[in-house]
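All remarks here apply to the structure that follows.
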Amino acid sequence: MFYISTRGHASKQGFCDILLEGLAPDGGLYLPEYYPALENPQQLGLRQVYETQGYAHLAFEILRLYIDDIPSDDLLALCKKTYTAEIFGSKAIAPVRDFEKNIFILELSNGPTLAFKDMAMQLLGNLFEYELNRRSAELNILGATSGDTGSAAEYAMRGKKGVRVFMTSPHGRMSKFQQAQMFSLQDPNIFNIAVEGVFDDCQDMVKAVSNDLEFKRHYKIGTVNSINWARLLAQVVYYFAAYFQVTKSNQERISFTVPSGNFGNVCAGHVARMMGLPIRHLVVATNENDVLDEFFRTGIYKVRTSSHTFETSSPSMDISKASNFERFIFDLTGRNADKTAQLFGPELIAKGQFSLANASFFTNAAQQFGFQSGKSTHQNRLDTIRAAAAQQGQILDPHTADGIKVAQDWAQADTPMVVLETALPIKFESTILEALGRRPDMPPKFAHLESLPQRVEVMTADVDRIKHFIETHCATP
């Protein structure tokens with residue numbers, strides 16, 4: 001299996017090379033040359049693997065379709081090391097629970113940082129350590145987070161041999177719990193950088209550094225954001241796990257609603273669907289920062305400036321430039337690298353938007369790729385959280401509440417709808433308190449988290465400054 005750039009760079013790479021590289025040299029994102037198509041007998045085999053051997057073996061069977069430069073025994077060992085009941089709280093790893101008639105919630109927040117990002121990040125940490133050890137190499141990870149990616153990455157990488165993490169986040173725009181999870185870490189290989197701006201400013205800095213090929217190679221810069229294909233690939237697994245839990249046969253269809261800002265989580269669902277998983281609809285749920293909802297309704301992708309990116313009560317989705325969206329557009333255009341490079345290069349830079357409204361491939365997109373979309377407001381979130389507590393006895397975090405609200409708008413009686421959980425409610429205490437008048441339960445191991453000493457560097461959104469910070473805090477290769 002080789003990997004290609006969405007913008008057409010000539011070289012093809014193996015999995016372990018793109019694992020450590022992040023962005024392609026032309027600024028594009030890596031995708032496999034093709035999606036392995038699973039026929040029904042193969043899917044039946046995966047169902048049997050999951051039901052008899054569990055999540056780690058299912059992960060191995062899916063990952064091996066995309067990874068041929070890690071020996072099978074080693075890859076299986078990495079999956080078994082990652083997906084354990086000790087790390088994720090139960091043997092099921094990602095259990096499905098009932099919410100209301102024909103709507104289910106896929107629990108993805110039982111890992112170390114109580115957010116869905118752990119599902120992929122724990123594997124990524126083990127893959128990095130494994131491959132760096134094979135190469136006797138080091139890696140400096142530069143990332144951007146709107147909330148949960150940062151803590152998931154840092155908890156996965158802390159203490160890992162040969163790895164340093166430089167994580168940027170928007171100053172003052174995360175919840176206190178999210179900030180404490182990250183900033184309280186004192187591990188010498190973890191560096192937190194609070195950027196005066198919004199998430200998109202952080203993401204732009206990461207991309208700018210990654211596009212400086214000389215700097216990137218000299219300082220061995222890698223990424224853990226969902227622009228890293230390995231992370232997205234790990235997320236594909238739980239779509240299969242959810243399908244096998246909700247359905248009884250591979251003839252049944254299923255839909256998913258995914259709270260989304262950066263398009264990574266729902267893009268994993270797109271990959272699962274392209275592989276043949278019988279997904280009827282992939283519903284993108286946004287908050288007031290509705291760039292993705294606008295695209296799927298109108299065909300216009302219009303990024304917002306920092307000043308026009310709303311600060312909301314579902315802050316992990318306060319994103320107006322969905323970096324993973326390029327992967328879907330590449331597939332939508334028939335894998336036309338020239339068209340993708342034009343749209344995400346000169347056209348987006350010059351106009352701040354592009355339109356596919358009149359393109360035939362866009363008008364057929366919903367039917368061909370199954371996408372639908374919707375949005376949720378602060379009041380919608382409060383109403384959904386209150387209704388879930390009163391009617392189901394369940395407390396939802398505000399992002400999952402976005403998902404439930406949009407799922408209820410699109411639910412169909414003949415198709416199960418699974419909402420992907422984003423995080424546990426304790427991470428967004430102030431919104432839960434506003435909605436319910438009481439605080440969510442605090443897991444005992446996090447009881448004193450917010451009172452711990454914090455270590456963070458605050459800086460302006462300046463690419464040269466972040467480069468200098470990296471230069472100063474890592475040994476010269």
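The values are calculated or read from the model by the stated rules, or taken from the named source; none is laboratory data. Quick caveat, the model's predicted, so the values are computed rather than measured. As a convention, Cβ positions derive from the backbone with ideal geometry for all residues, glycine included, and neighbour counts pool all protein chains shown.
Miscellaneous remarks
- Counted as qualifying within the stretch 1-102 are the helices (runs of 4 or more DSSP H) with 1 or more residues that are free of Cβ contacts under 8 Å to residues at least 24 places away in the same chain, crowded, with 17+ Cβ neighbours inside 10 Å and touching a helix residue (DSSP H, G or I) at 6+ places or on another chain (Cβ under 6 Å), namely 40-53, 55-63, 72-82.
- Flag for P443 being touching a residue at least 24 places away in the same chain (Cβ under 8 Å) and over 16 Å from F99 (Cβ atoms): yes
- Enumerated strands (runs of 3 or more DSSP E) restricted to the stretch 236-326, each holding at least 3 residues that are surrounded by 24 or more Cβ atoms within 10 Å (Cβ to Cβ) and not polar (S, T, N, Q): 254-259, 279-286
- Inspection of the stretch 95-106 identifies no residue that is at pLDDT 95 or above, of a type in the set (D, E) and touching a Pro at 6+ places or on another chain (Cβ under 8 Å).
- Scanning the stretch 309-359 for residues that are among the charged types (D, E, K, R), touching a residue at least 40 places away in the same chain (Cβ under 8 Å) and either closer than 21 Å to V224 by Cα or touching a Leu at 6+ places or on another chain (Cβ under 9 Å) (or both) gives D318, K321, E326, R327, D331.
- Set D187, D200, D212: member being more than 28 Å from D26 (Cβ to Cβ) and acidic (D, E): D187
- Output for the stretch 159-179, where each listed residue is within 21 Å of N133 (Cβ to Cβ), among the small types (G, A, S) and out of contact with any helix residue (DSSP H, G or I) (no Cβ under 6 Å at 6 or more places or on another chain): G159
- Taken over the stretch 7-57, the criterion of being on the phi > 0 side of the Ramachandran plot and in contact with a Ser or Thr (Cβ under 7 Å, 6 or more places away or on another chain) is satisfied by G22 alone.
- Condition check for L114: under 21 Å from F263 (Cα atoms), modelled with pLDDT of 95 or more and either of a type in the set (A, V, I, L, M, F, W, C) or surrounded by fewer than 24 Cβ atoms within 10 Å (Cβ to Cβ) (or both): no
- Whenever a residue of the stretch 195-216 is on the phi > 0 side of the Ramachandran plot, its partners that are polar (S, T, N, Q) and in a helix (DSSP H, G or I), lying with C-beta atoms within less than 6 angstrom and at least six residues away or across chains, give the pairs G197/S306.
- Across the stretch 126-145, the number of residues qualifying as small (G, A, S) and surrounded by fewer than 24 Cβ atoms within 10 Å (Cβ to Cβ) comes to 2.
- Filter result for the condition that a residue is in a loop (DSSP other than H, G, I, E, B) and modelled with pLDDT under 90, over S109, S146: S146
- Selection within the stretch 456-477 - in contact with a helix residue (DSSP H, G or I) (Cβ under 6 Å, 6 or more places away or on another chain) and within 30 Å of N110 (Cα to Cα): V456
- Counted residues, the stretch 319-340 - those being touching an Asp or Glu at 6+ places or on another chain (Cβ under 7 Å) and modelled with pLDDT of 90 or more: 1
- Among the residues listed as V258, V284, V271, V303, the single one being among the β-branched types (V, I, T), within 18 Å of L420 (Cα to Cα) and out of contact with any strand residue (DSSP E or B) (no Cβ under 6 Å at 6 or more places or on another chain): V271
- The residues listed here are I319, I329; of these, the one that is hydrophobic (A, V, I, L, M, F, W, C) and closer than 16 Å to I300 by Cα is I329.
- Helices (runs of 4 or more DSSP H) completely within the stretch 335-416 that count 2 or more residues being surrounded by 16 or more Cβ atoms within 10 Å (Cβ to Cβ), small (G, A, S) and out of contact with any strand residue (DSSP E or B) (no Cβ under 6 Å at 6 or more places or on another chain): 337-342
- Only a single item in (1) under 29 Å from M119 (Cα atoms); (2) exposed (fewer than 14 other Cβ atoms within 10 Å of the Cβ); (3) in contact with an Asp or Glu (Cβ under 9 Å, 6 or more places away or on another chain) is not met by S430, and it is number (3).
- Of all residues in the stretch 1-22 being aliphatic (A, V, I, L, M) and in contact with a Leu (Cβ under 7 Å, 6 or more places away or on another chain), the one that is farthest from V209 (Cα to Cα): I4
- Selection status of E457, closer than 24 Å to T149 by Cβ, surrounded by fewer than 19 Cβ atoms within 10 Å (Cβ to Cβ) and of a type in the set (D, E, K, R): yes
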